[in-house]
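Below: one structure, written as structure tokens.
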Amino acid sequence: MPGPSSLSRGNIDLEMILAVNIASGTVATNTVTLVTVSVPGLVVGDLVSLQPQVYLWPASQPAINLQADSSWVGANNVLSVYFSNGTGAAATQTTAVPYILNVARSQNFSPINPLPTAIV
């Protein structure tokens, strides 16, 4: 029987999966728009990724042709998301719909103490 082991966590102090509701508003054809959402506890420097939960969207807000292209923490407690519309018509999402937000906070991150550039 192998000996004991410990969980390897690398340089991640916190990783959480959160539910957030976002309404992109109207995005004109072939453009992007910036949407900000309040998410208490986010800190500048957190690494975030966003996935739509289309199967939970209400029938009044079908999965329209909007793409959440990039997301980042724009300020403490604020998630910033660029939505794009690559179709030939404006797309409007007036009701907030559910997304899953993955948040990872690295250990000792700051502009003075940047992230490592290699695994050692």
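The values are calculated or read from the model by the stated rules, or taken from the named source; none is laboratory data. Because the structure is predicted, anything quoted here is derived from the model rather than measured. Neighbour counts run over all protein chains shown; Cβ positions are idealised from the backbone, glycine included.
Looking only at residues that are of a type in the set (S, T, N, Q) and under 10 Å from the mean Cα position of the chain (by Cα) in the stretch 18-55, which one is nearest to Q67 (Cα to Cα)?
Going through the qualifying residues, I end up with Q51.
Applying the criterion of at least 1 residues that are touching a residue at least 12 places away in the same chain (Cβ under 8 Å) and within 30 Å of N11 (Cβ to Cβ) to the strands (runs of 3 or more DSSP E) found wholly in the stretch 22-104 leaves 31-38, 47-52, 67-75, 78-85.
Of the residues G10, G3, which single one is closer than 26 Å to P116 by Cβ and modelled with pLDDT under 85? Please lay out each step first, then the result.
Working: G3 fails: closer than 26 Å to P116 by Cβ.
Matching residue, one of G10, G3: G10.
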